[in-house]
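Visitor: Sharing a structure with you now.
The values are calculated or read from the model by the stated rules, or taken from the named source; none is laboratory data. The shown structure was predicted, so the numbers you read here are calculated from the model rather than taken from an experiment. All Cβ positions, even for glycine, are placed from backbone atoms using ideal geometry, and neighbour counts span all protein chains on display. Note: areas computed on protein heavy atoms with side chains; ligands, DNA, RNA excluded. Shrake-Rupley method; radii C 1.70, N 1.55, O 1.52, S 1.80 Å.
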Amino acid sequence: MNNLTHIKAASMFDSVSGLFKKDPLVTVENDRIVNVRFGDSVRPNSGRIIDLHECTLLPGFIDAHDHLALSPQLKNYPQIMSDPDPVLLVRSIVNMKTDLYAGVTTSRCLGDRNFIDLYLKDAVNQGLIEGPRIYTATRGIKASHAHGFVGTPFDGVEAVRTAVRENVRRGADFIKIFVTGNSRQSEYLPYYMSPEEIRTAVEEAHRVGKKVAAHCIGGEGLNQCIEQGVDVIEHAYYATDAQIESLVKKGRWVVLTSRINFNDARWANVSEKAVDEMRKNRPEVLSCQQKILRSGVKFAIGTDATHGEVVEDVIFVVNTMGGTIARALQAITKTAAELCEMDRVVGSIHEGKKADLVAVNGVLEKEILALRNVCFVMKDGITVKNSL
């Protein structure tokens with residue numbers, strides 16, 4: 001069987017057990033993992049060998065909060081989201097390749113304009129462009145007066161109902177709504193979708209087996225999301241102790257995008273007023289996010305479209321927020337796959353799973369900063385990067 005590929009490394013992160021295991025040999029046939037063995041005496045009988053030497057092998061990364069067309073590396077990036085769709089499409093292709101080469105083999109997309117994410121998803125699936133596999137909400141649903149420069153406005157219960165149904169018909173994997181703003185400007189945190197609109201989105205999505213994710217940083221909007229049955233809270237920067245406890249009890253998810261609040265390079269590309277608000281709120285955001293991490297709530301990690309930097313978000317969770325290496329890595333592999341309802345396909349290195357593999361140069365078990373040294377990326381059994 002000459003189409004077998006064997007990948008050797010010094011160690012492997014088993015995302016199911018949360019343990020690092022020595023001397024893995026992972027055998028890939030076509031786009032699937034067909035065997036995983038351990039021990040330095042294990043030798044393949046046939047096929048080609050990719051020897052990753054002293055590297056740590058991991059499952060392909062899952063960015064749990066991404067936007068394909070959003071380009072924070074560009075000046076005034078919120079405003080240029082109103083550029084024509086062809087321009088957004090070209091930027092998306094660049095962003096997706098950046099993500100893929102950084103180890104992101106699956107991207108959970110939280111809203112793009114005019115279904116361009118679906119065109120990109122089809123192009124990736126057909127092999128026309130390089131990028132992660134895409135799990136997407138299609139259009140993000142927002143009120144016309146609300147935050148959400150990547151969202152599409154729909155006002156009123158019937159408009160929201162129609163939007164959800166259109167998104168599902170076009171191929172949405174889940175539904176995204178924008179409930180609150182993006183930062184605290186006063187003690188009161190406004191919210192923009194009515195309880196009836198939130199409930200309608202949830203009812204329509206759940207009726208066809210789809211989850212609902214809400215952009216929600218806290219306040220009464222978060223209470224309404226919990227009460228109306230929203231499945232996933234994105235950000236939750238200002239969640240209270242009582243709200244966190246409720247999320248745990250009800251089995252809801254939180255996607256942590258904590259690092260963007262502390263990423264000065266990203267904030268250099270927006271208005272000075274927005275930067276001042278963000279910096280003023282940093283201590284409160286960090287304290288809240290650490291409470292979420294300690295609470296036992298189900299969580300995944302996303303970049304919010306800081307393309308190519310998902311490893312920095314993991315490092316932030318470990319070095320700044322106090323999370324363990326294992327839990328942080330699970331939040332971009334196994335746990336993120338569960339969030340995307342794709343854990344039978346991706347998220348771990350096990351027989352039958354997609355051959356999505358990443359290697360970093362170094363002993364990741366002992367030093368989380370080794371995560372910055374992504375030297376090998378395989379998606380669907382195809383090597384897209386090998387810098388060794």
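Visitor: Which residue is farthest from residue 131 (Cα to Cα), if the candidates are limited to the stretch 307-320 and must be open to solvent by less than 10 Å² (accessible area, probe 1.4 Å) and touching a Ser or Thr at 6+ places or on another chain (Cβ under 9 Å)?
Guide: Per the criteria, the residue is 317.
Visitor: Taking residue 97 as the residue in question, decide whether it is in contact with a strand residue (DSSP E or B) (Cβ under 6 Å, 6 or more places away or on another chain), part of a helix (DSSP H, G or I) and open to solvent by 20 Å² or more (accessible area, probe 1.4 Å).
Guide: no
Visitor: Kindly indicate which of 155, 173 is in contact with a Cys (Cβ under 9 Å, 6 or more places away or on another chain), in a loop (DSSP other than H, G, I, E, B) and open to solvent by 10 Å² or more (accessible area, probe 1.4 Å). Working first, answer last.
Guide: On the way: 155 fails: in contact with a Cys (Cβ under 9 Å, 6 or more places away or on another chain).
So the residue among 155, 173 that is in contact with a Cys (Cβ under 9 Å, 6 or more places away or on another chain), in a loop (DSSP other than H, G, I, E, B) and open to solvent by 10 Å² or more (accessible area, probe 1.4 Å) is 173.
Visitor: Is the stretch 8-26 home to any residue that is of a type in the set (A, V, I, L, M), open to solvent by 50 Å² or more (accessible area, probe 1.4 Å) and over 23 Å from residue 138 (Cα atoms)?
Guide: Yes, because at least one residue in the stretch 8-26 is of a type in the set (A, V, I, L, M), open to solvent by 50 Å² or more (accessible area, probe 1.4 Å) and over 23 Å from residue 138 (Cα atoms).
Visitor: Is it true that residue 106 is under 25 Å from residue 376 (Cβ atoms), of a type in the set (Ser, Thr, Tyr), under 14 Å from the mean Cα position of the chain (by Cα) and part of a strand (DSSP E or B)? Walk me through it before giving the result.
Guide: Values: under 25 Å from residue 376 (Cβ atoms): yes; of a type in the set (Ser, Thr, Tyr): yes; under 14 Å from the mean Cα position of the chain (by Cα): yes; part of a strand (DSSP E or B): yes.
It is true that residue 106 is under 25 Å from residue 376 (Cβ atoms), of a type in the set (Ser, Thr, Tyr), under 14 Å from the mean Cα position of the chain (by Cα) and part of a strand (DSSP E or B).
Visitor: Identify, please: which residue in the stretch 356-386 is of a type outside the set (S, T, N, Q), over 19 Å from the mean Cα position of the chain (by Cα) and in a loop (DSSP other than H, G, I, E, B) and is, among those, nearest to residue 173 (Cα to Cα)?
Guide: The selected residue is 381.
Visitor: Within the stretch 281-306, track down each residue that is touching a residue at least 60 places away in the same chain (Cβ under 8 Å) and either open to solvent by 50 Å² or more (accessible area, probe 1.4 Å) or not in a helix (DSSP H, G or I) (or both).
Guide: Selection gives 284, 300, 301, 302, 303, 304, 305, 306.
Visitor: Just the residues that are surrounded by 14 or more Cβ atoms within 10 Å (Cβ to Cβ) and without any contact (Cβ under 8 Å) to a residue 12 or more places away in the chain, please, taken from the stretch 51-86.
Guide: 80, 83
Visitor: Determine, yes or no, whether residue 345 is touching a helix residue (DSSP H, G or I) at 6+ places or on another chain (Cβ under 9 Å), under 18 Å from residue 32 (Cα atoms) and surrounded by fewer than 17 Cβ atoms within 10 Å (Cβ to Cβ).
Guide: Against the criterion (touching a helix residue (DSSP H, G or I) at 6+ places or on another chain (Cβ under 9 Å), under 18 Å from residue 32 (Cα atoms) and surrounded by fewer than 17 Cβ atoms within 10 Å (Cβ to Cβ)), residue 345 qualifies.
Visitor: Where residues in the stretch 39-50 are open to solvent by less than 80 Å² (accessible area, probe 1.4 Å) and modelled with pLDDT under 95, which of them is farthest from the chain's Cα centre (by Cα)?
Guide: Of everything passing the filter in the stretch 39-50, 46 is farthest from the chain's Cα centre (by Cα).
Visitor: Now for a separate question. Return the residues of the stretch 326-339 that are crowded, with 22+ Cβ neighbours inside 10 Å and of a type in the set (A, V, I, L, M, F, W, C); say none if nothing qualifies.
Guide: Within the stretch 326-339, 328, 329, 331, 332, 336, 337, 339 meet the criteria.
Visitor: Quickly run through the stretch 122-139 and pick out the residues that are closer than 16 Å to residue 210 by Cβ and either in contact with a Pro (Cβ under 7 Å, 6 or more places away or on another chain) or not in a strand (DSSP E or B) (or both).
Guide: Correct list: 137, 138, 139.
Visitor: Among the listed residues 58, 68, identify the single one that is part of a loop (DSSP other than H, G, I, E, B), under 30 Å from residue 235 (Cα atoms), touching a strand residue (DSSP E or B) at 6+ places or on another chain (Cβ under 9 Å) and modelled with pLDDT of 95 or more. Explain how you work it out, then say what you get.
Guide: Numbers: 58 fails: part of a loop (DSSP other than H, G, I, E, B).
Of 58, 68, the one residue that is part of a loop (DSSP other than H, G, I, E, B), under 30 Å from residue 235 (Cα atoms), touching a strand residue (DSSP E or B) at 6+ places or on another chain (Cβ under 9 Å) and modelled with pLDDT of 95 or more is 68.
Visitor: Applying the selection to the stretch 311-338, what residues are of a type in the set (Ser, Thr, Tyr) and either assigned to a helix (DSSP H, G or I) or at pLDDT below 95 (or both)?
Guide: 335, the sole residue that qualifies.
Visitor: Pick from 181, 148, 140, 103: which is in contact with a strand residue (DSSP E or B) (Cβ under 7 Å, 6 or more places away or on another chain), open to solvent by less than 30 Å² (accessible area, probe 1.4 Å) and either at pLDDT below 95 or acidic (Asp, Glu) (or both)?
Guide: Exactly one residue qualifies, and that residue is 148.
Visitor: Another question, then. Looking at 189, 247, can you tell me which residue is open to solvent by less than 30 Å² (accessible area, probe 1.4 Å), part of a loop (DSSP other than H, G, I, E, B) and of a type outside the set (Phe, Trp, Tyr)?
Guide: The match here is 189.
Visitor: Of (1) open to solvent by 20 Å² or more (accessible area, probe 1.4 Å); (2) without any contact (Cβ under 8 Å) to a residue 40 or more places away in the chain; (3) not aromatic (Phe, Trp, Tyr), residue 323 satisfies all except one. Which?
Guide: All conditions are met except number (1).
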